[in-house]
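Right, one structure below, let's go through it.
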Amino acid sequence: MDYRDVTFPAASREQVAAIQKARKRLAFERARLSPFYKGRLDHVKADHLDQPEEWRKIPVLTKDELRNIPAEGFHDAFAIAPDTLAVEYWRSGGATGRPLFYPRSAEDMEVALEMWRRLWLSAGCNKDDKAHISFPMGIHPVGQLYARSGEMLGIGTIWAGSGNNTPSELQLDLIRTLRPSVWVGMPSYGLQLASLAQKQGFDISECGVCTILCAAEPLSLPKRQKLERLWGAKVYDQFGCTEGGAMGSESDAHDGLHLWSDLFFIEVVNEATGEAVAPGEAGILLITPLFTNTMTPFLRWSTGDIGVLKERGATKGPLSVYPVFQHAARTAGFFKVKGININHADFEDFMHRNPAVIDFRLEVHDRSGIDALLLQIELMRGADHHAEAAKLMNMLKTAFEVTPQLEILETGRLAQLFLTDVKARRFVDGRSR
C-alpha cells in the first residue's frame, strides 16, 4: 500500500486497520536491514505481528540508546539507505543532550508534507488565511514544513522563524503591519511576543490573529488560557516528533490530540513493564512510523510523552476517525532542592495561573554547598511590582514549601535569554555535578 492511497481523513477505522496491517510488516522488515537492529528482532515472528503479544516482543527504542552511537557513525549504524538518497536532514528536538540528525528521502518528504498539511486543515485554515510562522527556520524541520505545506493550501505565509531568525521586535512589526489571521509557533514564544507587545505599548489581541497553532511544547490548560487571553485567539494544540513527523492535532472539540493512526502505529504502555495500559490509564507514548521509514527505521519509539489514549474524542467532525491522545506530561522534569521535589509541569502551571505574570525562568544553583533557587519573572504592564512579588512569594511557600530569590526583569528580557534555545529552557539546573 502506497502513501498516495491514504486519504484524509481516513474513510473508516477499518481502512486504518488495513493500512496498519500492511505497513507494520513493512516497517519491521525495513528495520531488520539496519545494523542497529542486528540480533534484536530475531525472536520476533514476522507473520504474527498483528498479535499484540508478538508485537510487544520488539524492544522499545529510546533516544538515549541512539545517543550512544558516535555522531560520525550514526548513519552507517542506523540508516538503511545510502546518504546519497537523503534530500534533507532533520535535527532532533529537546532541550538537553546531544542532538541527532535524521536523513529523509524524497518519498519521506512527500509524506511529511501531507502530515503538516493535515495540521492546517484540522484547525480549519484555508486559502483565505494569512499565517505568521514563528517556528525556527533551520535544520529543525517544523517551521519550514508548516510554511511549505501552508503554501500548498494557498495560505499566505510569513516565514519569520524564531526570534533568532527574525528579531522579536521586527516580528511584532510584521504582525501589526500585515495582520495575519493565524499565528504559528511554540506557546512560550507566543507569550514572549505578547509580553514584548505590552512593553511597546499595544495590545497584540488587536492585530487580527484569530487562530493559533502551537506545537513542540506541552500545552497545559493554564498556559493555553493565558495565551488565548493575551492574543484574543483560539488555540489549537498540535503534536509531532522529529523521529516520525507531524503526528496529530486537536479538533474543534479541543479535548486532546487526534493522532494520524493511518500514518503511525500508536501505543501507550506502562513505562516500567512495557505492557499495554488499561483503558483510561496513563502511560508512555510509543510510535512506529508506517511511511517515513525509508531511511530511519524507528520501531516502537518512545517519545517521552505521558498521557491517556482514547479510541474516540468528542468531535463529530472529520477527525473523529482517529484516536485521541490526552497529553499529561514529559518523563523528565523536576528539581530536588533541600529534599523537596519541584515538578516542572506543576510549577509551570502554577506560574501561568497568575494573571500578573507573563513569563518566568527558574534556576537552581549551588551557593557554598547549599541549594539556592532563583526565580526570574516578567509582569504585566501596570502591575504593582512590590505587591505582586509579596503575593507570589507567599503562594510559592504554601504550594511548594520553597522561598526562592525573586528577580523581576524588564519586559522582553526573558525572550532574549531564550533566544538561542530550540525549546525555551525555563528550568535550569546550574549545580555542579
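What to note about this one:
- At full extension, residue 328 and residue 272 could sit 18.5 nm farther apart than now, given 0.36 nm per residue minus the alpha carbon distance.
- Highest mobility in the GNM of the chain, judged by mean-square fluctuation with C-alpha springs under 10 Å and restricted to 20, 200, 192, is found for 200.
- Positive-end residue of 233, 373, 309, charge dipole of the chain with Cβ unit charges: 373
- Partners for residue 316 among aspartates and glutamates (Cα-Cα distance below 14 Å; same-chain residues under 8 apart left out): 250, 252, 255
- A viscosity of 1.306 mPa s and a temperature of 10 °C, combined with the Kirkwood radius over C-alpha pairs in the Stokes-Einstein formula, give the chain a diffusion coefficient of 69 µm²/s.
- Acute angle (nearest 10 degrees) that the helix 221-231 long axis makes with the longest principal axis of the chain, alpha-carbon atoms: 60 degrees
- Cross-link reach is defined here as a Cα-Cα straight distance under 12 Å, omitting same-chain residues fewer than 8 places apart; for residue 199 the aspartates and glutamates meeting it are 169, 378, 410.
- All lysines inside 23 Å of residue 63 as judged from Cα atoms, apart from same-chain residues fewer than 8 positions distant: 24, 38, 423
- Computed about the Cα centre, the dipole magnitude for the range 222-297 is approximately 480 debye when only Lys and Arg (+1) and Asp and Glu (-1) carry charge, each at its Cβ.
- Relative contact order for the chain: 15 percent, from Cα pairs under 8 Å spaced at least 6 residues apart, divided by residue count.
- Three semi-axes describe the equivalent ellipsoid of the range 1-158; taken as square roots of 5 times the Cα gyration tensor eigenvalues and ordered largest first, they are 31, 23, 13 Å.
- Pair-distance profile P(r), taking every C-alpha pair of the range 149-281, with 5 angstrom steps and integer %: 2, 9, 17, 20, 19, 13, 8, 5, 4, 2, 0
- Relative contact order, percent, the range 1-96 [alpha-carbon distance under 8 Å, six or more residues apart]: 24 percent
- Column: log10 I(q)/I(0), Debye, Cα scatterers of the range 139-183, q = 0.13, 0.25, 0.32 Å⁻¹: -0.30, -0.98, -1.18
- For chymotrypsin sites (Phe, Trp or Tyr not before Pro), the sites in the range 193-245 that DSSP calls loop and that have at most 16 other Cβ atoms within 10 Å are 202.
- For the chain, adding -39500 (n - 2.57) for each run of n ≥ 4 DSSP H residues and dividing by the number of residues yields -9000 deg cm²/dmol at 222 nm.
- For the range 112-264, size of Cβ-based charge dipole, Lys and Arg +1, Asp and Glu -1, in debye: 280 debye
- Calculated from backbone phi, Karplus (6.51, -1.76, 1.60) coupling profile of the range 379-396 in Hz, x at Gly/Pro: 10, 4, 4, x, 5, 7, 4, 5, 5, 5, 5, 5, 5, 5, 5, 5, 5, 5
- For the range 50-118, the relative contact order is 22 percent, taking Cα pairs closer than 8 Å that sit 6 or more residues apart in sequence and dividing their mean separation by the residue count.
- Put simply, the amide H of residue 140, placed in the peptide plane, has neighbours under 5 Å in 91, leaving out anything fewer than 5 places away on its chain.
- Surface share of carbon and sulfur [accessible, 1.4 angstrom probe, percent] for the range 162-311: 50 percent
- Annotation: peptides 397-407, 287-297, 264-274, ranked by per-residue average of other Cβ atoms within 10 Å with the highest first, follow the order 287-297, 264-274, 397-407.
- Per residue Cα convex hull volume in Å³ - calculated over the range 228-370: 171 Å³
- Of the trypsin sites (Lys or Arg not before Pro) in the range 240-347, those whose Cβ has at most 14 other Cβ within 10 Å and which sit in DSSP loop: 312, 316, 338
- Acute angle (nearest 10 degrees) that the helix 187-200 long axis makes with the longest principal axis of the chain, alpha-carbon atoms: 30 degrees
- Where both bridge residues fall in the chain, DSSP classifies roughly 65% of the beta bridges as antiparallel.
- Cα gyration tensor shape for the range 203-294, rounded if a/c is under 1.5, else prolate or oblate: prolate
- Shape call, the range 301-384: gyration tensor on alpha carbons, a/c limit 1.5: oblate
The values are calculated or read from the model by the stated rules, or taken from the named source; none is laboratory data. Just so it is clear, the structure is predicted and the values come from calculations on it, not from any experiment. FYI the Cβ positions are ideal-geometry reconstructions off the backbone, even for glycines, and counts take in every protein chain you see. Just so you know, the surface numbers come from the protein's heavy atoms only, side chains and all, with ligands and any DNA or RNA stripped out. Shrake-Rupley method; radii C 1.70, N 1.55, O 1.52, S 1.80 Å.
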